[in-house]
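Right, one structure below, let's go through it.
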Amino acid sequence: MAVDQGTGTATAALQAERERWVSASVSTQPLFVERAHGARITDVEGREYIDFVGGIGSLNCGHTPEAVVQAVQEQAARYMHQMYSVVQYPEYIEAVKRMCACHPGEGPFKGLLLNSGAEAVENAVKIARYATGRDAIVCFDQGFHGRTLLGMSLTSKPMPYKKGMGPYAAEIYRAPGPYPYRGISGEQALEGFRKLLKTQIDPTQVAAVIYEPVQGEGGFLPAPDGFIQGVAEICREHGILYISDEVQSGMGRTGTPSAIEHYGVSPDLATWAKSMGGGMPISGVTGRADLMDVVHPGGLGGTFGGNPVSCAAAIVALDQVLDPDFQAHAIAFGADLRARLDAIAERHPQVVGEVRGLGAMLAMELVTDRETKEPAAAETGRIVALARERGLILMASGLYSNAIRVLVPLVATEEDLDEGFRILEECLADAFAGR
Ligand SMILES: Cc1ncc(COP(=O)(O)O)c(C=O)c1O
């Protein structure tokens, strides 16, 4: 592609093509990549951006990590696709082995590979229903579990994920999710779960609960201490399976391979995707071996699930996630990000309601008034747009679309972070100017 330095005409031409051909239902920004490496993206105008979104958590190892690129190239030259149910290949087994090593607890664990986070969620639910012979699934407010019919049914934000696309999947029950900043403590949420099992569905009918240890789309809400432990205990009492959705929070984002590890709970099943492929599309489910073997042969799988090229990439990415040095780096990196966000919050106390998260999965929730906590959705949107103009890629999240999330690749340099946070703070100040 010809690079049109600085004039914006290449972007304008591509944007016109996009509008002509690509469904308007896919939300996009007017930004087209030419190449990317580490935490930096160069667009078709030759402009460089610092990427604080990382494909929404898919690029913990950065853009085009050399070892992943090499593995992809080598694998693509040998064979690109088989369909695992037709002809097996060792890369699938090696990827699953490493994914199982990410599942916290004693084991033995087993796994299977799929294509996307939503597909992993679908499969975890199928396994849980089959294993328990029960139908109901309990999910939580602020949860996001994908855009398939079941995924959106489990998701708690109607706009944009559900509106107009019902009827939703049956036998989904939603309990309050903890959100201490907005008045729902871990204890209250736990009480809400207990109440749901009295008022809406008998626990003997519940196959599983599904919960993200750090709710991502919901606004980067880490589970308060005691909540996951409490839910898991109730589950154990009633034979309900616990599914940890690690699609966004897993793969070293919080320092450990899974985020639930911070809470000392071993889930029965876990879902993985995003950064697992080092930028390639792959996902999976891990779980107790007895559960993972319960569905009859042919009941799970799919044409491209665990594609060999994606597996080759995942093997490299998973080796990195499992490397204690990488984990130590992720923890230090997260502490650095937290300090930078806290410093911004201190300098802008009226509008930064809260900085929160776990490890390097962090966000700040913005408000128009610290006392009333009125969500600053419009200003947050303005920050994202201003940042793009100034060379920083940002994305909002949260029930009220007023949280700026930081999912910058864990390989970002000091210079990337200095520049990125400088732009972020400038845009914040400008978006709230006059307040
Ligand atoms: C926690 C969680 N679960 C599931 C999904 C769905 O993943 P995918 O978009 O790969 O289907 C996401 C995506 O953001 C997610 O954050």
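The values are calculated or read from the model by the stated rules, or taken from the named source; none is laboratory data. Every value quoted in this text rests on a predicted model; they were computed, and no experiment measured them. Glycine also receives a Cβ, built like all others from the backbone with ideal geometry; neighbour counts cover every protein chain displayed.
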> Within region 263-286, is even one residue assigned to a helix (DSSP H, G or I) and acidic (Asp, Glu)?
Replying inline: no
> Does region 371-379 contain any residue that is in contact with an Asp or Glu (Cβ under 6 Å, 6 or more places away or on another chain) and touching a residue at least 24 places away in the same chain (Cβ under 8 Å)?
Replying inline: no
> Tell me, which helices (runs of 4 or more DSSP H) lie completely within region 98-161 with 2 or more residues that are touching a helix residue (DSSP H, G or I) at 6+ places or on another chain (Cβ under 8 Å) and closer than 19 Å to Ala232 by Cα?
Replying inline: 117-132
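A quick yes/no check of all residues on (1) modelled with pLDDT of 95 or more; (2) of a type outside the set (D, E, K, R); (3) assigned to a loop (DSSP other than H, G, I, E, B):
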site	(1), (2), (3)
Val355	yes, yes, no
Ala363	yes, yes, no
Leu366	yes, yes, no
Thr372	yes, yes, yes
Leu399	no, yes, yes
Glu415	yes, no, no
Arg422	yes, no, no
Glu426	yes, no, no
Ala433	no, yes, yes
>> I'd like the full set of residues that are in a helix (DSSP H, G or I), over 20 Å from the mean Cα position of the chain (by Cα) and hydrophobic (A, V, I, L, M, F, W, C), limited to region 37-67.
In response: Ala67
>> If I ask for residues that are within 24 Å of Pro160 (Cβ to Cβ) and free of Cβ contacts under 8 Å to residues at least 60 places away in the same chain, which ones from region 31-55 would you list?
In response: Phe32, Val33
> Of all residues in region 248-267, which are farther than 18 Å from Leu114 by Cβ and more than 14 Å from the chain's Cα centre (by Cα)?
Replying inline: Gly255, Thr256, Glu261, His262, Tyr263, Gly264, Val265, Ser266
> When residues of region 23-65 are filtered for being within 16 Å of the ligand (Cβ to nearest atom) and acidic (Asp, Glu), how many remain?
Replying inline: 0
> Just for region 251-277: of the residues that are in contact with a Pro (Cβ under 6 Å, 6 or more places away or on another chain) and crowded, with 24+ Cβ neighbours inside 10 Å, which one is nearest to His103 (Cα to Cα)?
Replying inline: Ser258
> Among (1) within 16 Å of the ligand (Cβ to nearest atom); (2) surrounded by fewer than 18 Cβ atoms within 10 Å (Cβ to Cβ), where does Gln215 come up short?
Replying inline: (2)
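Listed here are the residues, each with its yes/no results for (1) in the same structural domain as Arg356 (by TED's automatic domain parsing); (2) over 20 Å from Val125 (Cα atoms); (3) over 21 Å from the mean Cα position of the chain (by Cα); (4) not aliphatic (A, V, I, L, M).
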{"site": "Ala175", "(1), (2), (3), (4)": "no, no, no, no"}
{"site": "Ile184", "(1), (2), (3), (4)": "no, yes, yes, no"}
{"site": "Ala189", "(1), (2), (3), (4)": "no, yes, yes, no"}
{"site": "Asp202", "(1), (2), (3), (4)": "no, no, yes, yes"}
{"site": "Gln205", "(1), (2), (3), (4)": "no, no, yes, yes"}
{"site": "Pro222", "(1), (2), (3), (4)": "no, yes, no, yes"}
{"site": "Asp225", "(1), (2), (3), (4)": "no, yes, no, yes"}
{"site": "Gly239", "(1), (2), (3), (4)": "no, no, yes, yes"}
{"site": "Glu246", "(1), (2), (3), (4)": "no, no, no, yes"}
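For residues that are in a loop (DSSP other than H, G, I, E, B) and over 17 Å from Gly357 (Cβ atoms), scanning just region 239-256, find the one that is farthest from the ligand (Cβ to nearest atom).
This residue is Gly239.
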> Would you call Gly287 in contact with a helix residue (DSSP H, G or I) (Cβ under 8 Å, 6 or more places away or on another chain), modelled with pLDDT of 95 or more and either closer than 30 Å to Tyr179 by Cα or outside the structural domain of Pro203 (by TED's automatic domain parsing) (or both)?
Replying inline: yes
>> So for region 263-270 (the condition being of a type in the set (Phe, Trp, Tyr) and more than 15 Å from the ligand (Cβ to nearest atom)), does at least one residue qualify?
In response: yes
> Taking the stated definitions as given, is Glu122 surrounded by fewer than 18 Cβ atoms within 10 Å (Cβ to Cβ) and either touching an Asp or Glu at 6+ places or on another chain (Cβ under 7 Å) or of a type outside the set (Phe, Trp, Tyr) (or both)?
Replying inline: no
> Which condition does Arg340 not pass, out of (1) within 13 Å of the ligand (Cβ to nearest atom); (2) in the same structural domain as Ile404 (by TED's automatic domain parsing); (3) of a type in the set (D, E, K, R), if it passes all the others?
Replying inline: (1)
>> So if I check each of Ala207, Ala189, Ala232, which one is in a strand (DSSP E or B), in contact (Cβ under 8 Å) with a residue 24 or more places away in the chain and more than 16 Å from the ligand (Cβ to nearest atom)?
In response: Ala207
